[in-house]
1. Using the Cβ atoms and a cut-off under 13 Å, what net charge is assigned to the surroundings of S333, where Lys and Arg are +1 and Asp and Glu are -1?
2. Between L433 and I497, what is the FRET efficiency for a Förster distance of 25 Å, r being their Cβ-Cβ separation, to the nearest 0.05?
3. Show me, for region 378-386, the HN-Hα J-couplings you get by feeding each phi into the Karplus relation (A = 6.51, B = -1.76, C = 1.60, θ = phi - 60°), rounded to Hz, glycine and proline as x.
4. Any idea what the dipole of region 91-137 comes to, in debye rounded to 20, about its Cα centre with Lys/Arg Cβ at +1 and Asp/Glu Cβ at -1?
5. Taking the alpha-carbon distance from K523 and a cut-off under 18 Å, which lysines remain once sequence neighbours fewer than 8 residues away in the same chain are dropped?
6. What full-extension length gain, to one decimal in nm, is calculated for D410 and E200 as 0.36 nm per residue of separation minus the Cα-Cα distance?
7. Round to a whole angstrom and tell me the spacing of the C-alpha centers of region 387-459 and region 320-365.
8. Based on Cβ point charges of +1 for Lys and Arg and -1 for Asp and Glu, what charge dipole magnitude is obtained for the chain about its Cα centre, in debye rounded to the nearest 20?
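Readers should treat all values here as calculations from the given coordinates under stated rules, not as data from a laboratory. The structure displayed is predicted, hence computed values, not measured ones. Positions of Cβ are generated from backbone atoms using ideal geometry, with glycine treated the same way; all protein chains shown enter the neighbour counts.
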Amino acid sequence: MTSLKELKQLLNITKEFKRPLLRATLFGSLGHLTLVIFTYFLTLFFIAKITTVAAILFIIILALAILKGLFSYIEQLLNHYVAFKVLHVLRIKVMDKFKKISINSFTQNSSGDYMTMITTDIELLEVFYAHTITPFMIYIVQACVVSIFVMIFSVPLGILALVIYIIIGLIYPLTFKNKGQAVGDSYRRKLAEVNNHSSEEAYGIFETVQYDKIGETKKDLVSETEELTYSAYLKNKFLVDLNALNIVTYNFGVLAFIFAATKHINNPNIIITLSAMFIVSFIPILYMGNLASTLSQTMASGKRFLELMNTPEENVNDGVKVPFNTLTVKNLSYHYDDKTVFKDINFTVNKGEIIGISGPSGCGKSTIAKLIMKFIDNSKMGGNIIIDGVNVQDIDNAYFRKHSSIILQDSYLFNTSIKNNLTFFDKTINKNLIDKALKNTNLKNHVDSLRNKTDTTISERSANISSGQKQRLSVARSFYNESKLLILDEATANIDIFSEIEVLKALEKDKNDKITIIISHNKSTLSICDRVIKLGE
C-alpha cells in the first residue's frame, strides 16, 4: 500500500508548480464558499419581509452567482494546467529512466506491464494531480471557515459540523484507503495481463490458425476477460458502497445538525439559513469522502511509478576504455537458488576470430552471453571475464555499450525506416557506413530495388520483410555501429538455410576487426567458427 513516504515523493514532483496550485486552492475555496454564502443570502431573501433588504439581497445573490462560475472556471484551469504539466514531466521521467535502468532490472517485467505504465498509469496520475491536491486543501478551508462561522451563533453546533466534516472527509478515506488500493491494484494487474496476452495473440494469429489453437486461445482470453470483468465489478462495487456510506452519513449529519440547531439557537430564521448553508457546504467534503474509491487505481499507479523511479540503474562509471583485442573467460561459474548452471568455463577469443559455444538447452549458453554483455547481475558469478587484461565490470559502461552488440533469436526492428533501424535514429548519418553494412550482409541490391530505398518503412513487428532479412538487418545494424564485440545467440535458429548462409557469409566477411561469438546448437551454424566450446559434456 502507498505509504506517507511514497505520497511525499509524488507531491515533490509538484514543487515547481506551487504558485498555480496555491492559486487554484484560493479560487476553488472562494468558489465553494461563494456557493455557501449564496445559499445563506438566498435563504434570507425568501424570509426577508422588507422590500429594500430583499432588493439588496437579490443584487448580492446575482453577484455571487456570477463569481461562483468565474472562480470555478479559474480553479479548473489552474488545476489542469498543473496536471498536464506534471504529465509532461512524468513522461519525460519515465523515458529517461528507461534509458538508465539496468537491463537485468528492466527484464523483470513484461512488455504489457511497461505499456500499461506508459499509457494507463501515467494518465491515471493526472487524477491525483488535478483532482486531489487542491481539493484536499479546499476541503480544509471549507471545513474550517464554515465551522467557525457556525460557532459565531453556537459553539456546540460549530463543533458538530466540524466533526461531521472530519468523519466524511478524513476518517472514511483513511479507513478504506488500503482496501481501495487493493481492488485498484488487482484491476490493474488483470488489465496488464489482458493487454499483454491480447497483443501476443494478435501478432501470433498466423501460428494460432496454423496449429489449430483457436479454441484454446479463445478459452484463455475469455477466462482472462472474465477475471478482468470481475475485478472491475469489485472496484466499482467498492466505489458504490463507499459513496452510499458517505451519502447516509451526510443525511444523518444534516438531520443531527438541524436537531442540534433547534436546541442551541432560538431564532428560527437563523436555524433555517444555517441549515441551508450547511447542506450545500458538503460538495468538497463528499468529494474527499469518495477519494478512497476514486484514487484506488491512481495511488496504485503512483506506487508503480515510484517503483520504476527507484529501480536500480546501470552503473555510470568512468572506467577503462579497451581496444577489444582479446576476450578471456577464466574459471567462469554461475548459480542461482543453490543450483549451479555451469562452472569452470575457460576460453579465449582474439580479434578476427569466430568461436562457437554449443550445448544442450539449459546448459547456460545464453547466460554466458548475458554475463559478457553485462546484462545480468554478476553477484552470482564466479571467475572473471577479461577484455585486454581488464575485468569487464571495470570497462566504461557507455563505451562498452557503444562498441558491443548482441543479436538474439528474435531481434527487434522498429516501425520506422531501414535507415533509422540501422543507425538507431542517429542525427549524423554516415551513408558510406550504411552502404557498407548493407553490402556486407548482401542486402544492398534488395534495398536499392525498393522505391524509397533506405527510407522504406519496416512495418510493425517486421511484417513486410522475411525473417532472414530481419536477422540480416540486425547484423547490418551491428556492422554500421562498428561493434568490436559481436555475439549471436541462436540468431539463425528461426530462419531458412539460405538466409542463414547469407548471415554466416556476412559474419565471415566482416570478422577481421571484431571479436565474434556464435551461440548455437546447430552444427551448420557453427561451421564457420575457428573453434567450438562445448558445454554440458
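1. +3
2. Using R0 = 25 Å, I get an efficiency of 0.30.
3. 8, 5, 9, 9, x, x, 9, 10, 10
4. Charge dipole, region 91-137, about its Cα centre: 260 debye, nearest 20.
5. Once the sequence-local lysines are set aside, what remains near K523 is K365, K505, K534.
6. 74.2 nm
7. What the calculation gives is 25 Å, centre to centre.
8. Dipole magnitude for the chain comes out near 1260 debye.
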